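Encoded as structure tokens, the structure appears first; notes follow it.
The values are calculated or read from the model by the stated rules, or taken from the named source; none is laboratory data. Because the structure is a prediction, the values reported are computed rather than measured. Here Cβ is always computed from backbone atoms with ideal geometry, including for glycine, and neighbour counts include all displayed protein chains.
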């Protein structure tokens with residue numbers, strides 16, 4: 001007994017005397033740390049608060065609509081709550097995200113004239129509610145139902161490797177962003193909806209959702225639809241319904257998996273609203289079907305419903321010591337008569353740890369091709385025939401992007417970026433009323449982004 005006490009007591013004292021040095025700002029996962037223990041205490045109650053600031057400068061070096069440099073910033077705050085820990089409701093979660101968005105008076109998209117926005121944080125300067133939802137899980141994680149103000153680009157058509165790029169088309173791809181009503185339920189405008197997720201196996205996930213068809217609402221006559229839903233607070237139930245479904249198959253996800261990890265997805269969407277024909281309209285006097293370029297100025301010919309299908313693959317193809325190489329490819333199609341983009345494909349790669357001693361840095365390259373629908377091109381040919389040359393015929397828009405994310409600290413990433421956009425807008429006029437009519441020149445854009453997690 002005496003020997004036991006004499007051995008154990010000094011050990012206990014030694015543990016009490018050990019002092020853990022606080023982490024410096026260069027070591028913390030978040031810049032502001034644990035808030036004097038408050039973050040840990042909140043986490044134990046099921047509450048997690050995330051604060052992130054993204055600031056970037058982008059300049060059009062040549063081409064586009066104008067050579068100019070812009071600054072844009074976005075402060076994002078997210079509160080996630082595990083209501084099982086907080087109030088004892090088994091399997092229930094809550095999340096809300098809001099943004100404060102600001103710029104120097106103009107964003108980079110306004111300088112390029114492209115369909116694919118060079119910045120995936122571009123938005124109307126405002127303070128905005130983005131998403132707010134509850135999620136109830138059943139049978140563990142096998143089944144879950146999420147409902148509230150939802151964003152489709154949180155879960156659908158997502159490639160982790162493509163997420164290393166800044167152009168918005170590598171997130172919510174152009175084949176949906178340009179074809180759905182007012183961009184669909186995606187940043188910066190979410191929409192009321194319900195999402196169901198089923199995981200019958202560890203490898204297979206099935207997602208299905210229904211959203212309000214128009215995140216803006218009816219009767220919007222603004223050039224920028226975001227102005228009709230400036231703060232995200234009115235929950236819009238207009239524009240019919242938008243149905244989205246996706247099957248996901250994940251391979252080699254475990255730490256001890258024999259092969260390299262990958263994810264393969266196939267999905268589709270259907271919208272019940274009316275969509276304007278890209279080529280034809282209706283003569284208001286006679287009811288005849290005319291080209292929209294006709295001097296009679298026909299009213300739009302509306303098509304009932306819209307749809308699209310898509311697929312993607314995101315696969316790691318090589319892994320070394322603290323280094324890896326992953327590739328991605330995505331593609332989608334939609335009917336040509338009621339959509340600006342008939343088919344779309346993007347792809348690229350992400351190299352983690354490209355340089356020795358920089359294991360957290362990521363170099364990402366991507367290329368995206370958006371084919372302008374044959375009916376939209378036919379409208380341009382009608383305009384050329386009626387007005388005479390020169391007049392550009394829309395054909396495609398192609399984006400090339402090179403981006404390198406430098407991990408300065410766990411809480412801070414700096415990301416230089418270079419983009420080349422061929423045929424911005426799909427080869428559209430700078431000013432259709434100018435003489436002569438000239439197409440927007442290919443744009444070269446360079447910039448740098450800073451992301452800080454607080």
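Give 361, 314, 346 a once-over and let me know the one that is surrounded by 18 or more Cβ atoms within 10 Å (Cβ to Cβ), within 24 Å of residue 114 (Cβ to Cβ) and in contact with a strand residue (DSSP E or B) (Cβ under 9 Å, 6 or more places away or on another chain). 346 is the lone residue from the list that is surrounded by 18 or more Cβ atoms within 10 Å (Cβ to Cβ), within 24 Å of residue 114 (Cβ to Cβ) and in contact with a strand residue (DSSP E or B) (Cβ under 9 Å, 6 or more places away or on another chain). Residue count for the stretch 412-454 satisfying the condition of being without any contact (Cβ under 8 Å) to a residue 60 or more places away in the chain and either in a strand (DSSP E or B) or closer than 30 Å to residue 25 by Cβ (or both): 8. Residues that are closer than 12 Å to residue 191 by Cα and loosely packed, with under 11 Cβ neighbours inside 10 Å within the stretch 234-259 are absent altogether.
Strands (runs of 3 or more DSSP E) fully within the stretch 291-406 that include at least 1 residues being free of Cβ contacts under 8 Å to residues at least 12 places away in the same chain and touching a helix residue (DSSP H, G or I) at 6+ places or on another chain (Cβ under 7 Å): none found.
Residues of the stretch 182-234 that are out of contact with any helix residue (DSSP H, G or I) (no Cβ under 9 Å at 6 or more places or on another chain), at pLDDT 95 or above and either closer than 21 Å to residue 115 by Cβ or assigned to a strand (DSSP E or B) (or both): 192, 194, 196, 197, 198, 204, 205, 206, 207, 208, 210, 212.
Condition check for residue 309 on (1) surrounded by fewer than 17 Cβ atoms within 10 Å (Cβ to Cβ); (2) within 19 Å of the chain's Cα centre (by Cα); (3) closer than 26 Å to residue 63 by Cβ: one failure, at (3).
Residue-by-condition table, conditions (1) without any contact (Cβ under 8 Å) to a residue 60 or more places away in the chain; (2) over 30 Å from residue 325 (Cβ atoms):
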residue: 150; (1), (2): no, yes
residue: 157; (1), (2): no, no
residue: 195; (1), (2): yes, yes
residue: 224; (1), (2): no, yes
residue: 249; (1), (2): yes, no
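Scanning the stretch 193-203 for residues that are farther than 12 Å from residue 146 by Cβ and touching a strand residue (DSSP E or B) at 6+ places or on another chain (Cβ under 6 Å) turns up 198, 199, 203.
Of everything in the stretch 275-306, what is surrounded by 17 or more Cβ atoms within 10 Å (Cβ to Cβ) and under 26 Å from the mean Cα position of the chain (by Cα)? Give them in sequence order. Of everything in the stretch 275-306, those that are surrounded by 17 or more Cβ atoms within 10 Å (Cβ to Cβ) and under 26 Å from the mean Cα position of the chain (by Cα) turn out to be 275, 278, 306.
Okay, residues lined up against (1) within 30 Å of residue 141 (Cβ to Cβ); (2) more than 19 Å from the chain's Cα centre (by Cα):
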| residue | (1), (2) |
| --- | --- |
| 66 | no, yes |
| 73 | no, no |
| 77 | yes, no |
| 86 | yes, yes |
| 91 | yes, yes |
| 98 | yes, no |
| 105 | no, yes |
| 110 | no, no |
| 119 | no, no |
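Looking only at the stretch 72-105, which residues are at pLDDT below 95 and closer than 19 Å to residue 189 by Cα? Matches in the stretch 72-105: 103 only. Has the stretch 260-273 got at least one residue that is surrounded by fewer than 17 Cβ atoms within 10 Å (Cβ to Cβ), in a strand (DSSP E or B) and touching a residue at least 60 places away in the same chain (Cβ under 8 Å)? Within the stretch 260-273, not a single residue is surrounded by fewer than 17 Cβ atoms within 10 Å (Cβ to Cβ), in a strand (DSSP E or B) and touching a residue at least 60 places away in the same chain (Cβ under 8 Å). In the set (1) touching a helix residue (DSSP H, G or I) at 6+ places or on another chain (Cβ under 9 Å); (2) crowded, with 23+ Cβ neighbours inside 10 Å; (3) more than 17 Å from residue 130 (Cβ to Cβ), the condition left unmet by residue 168 is number (3).
Looking at the stretch 21-129, the helices (runs of 4 or more DSSP H) lying wholly inside it that each contain 1 or more residues that are touching a helix residue (DSSP H, G or I) at 6+ places or on another chain (Cβ under 6 Å) and surrounded by 16 or more Cβ atoms within 10 Å (Cβ to Cβ) sit at 108-112.
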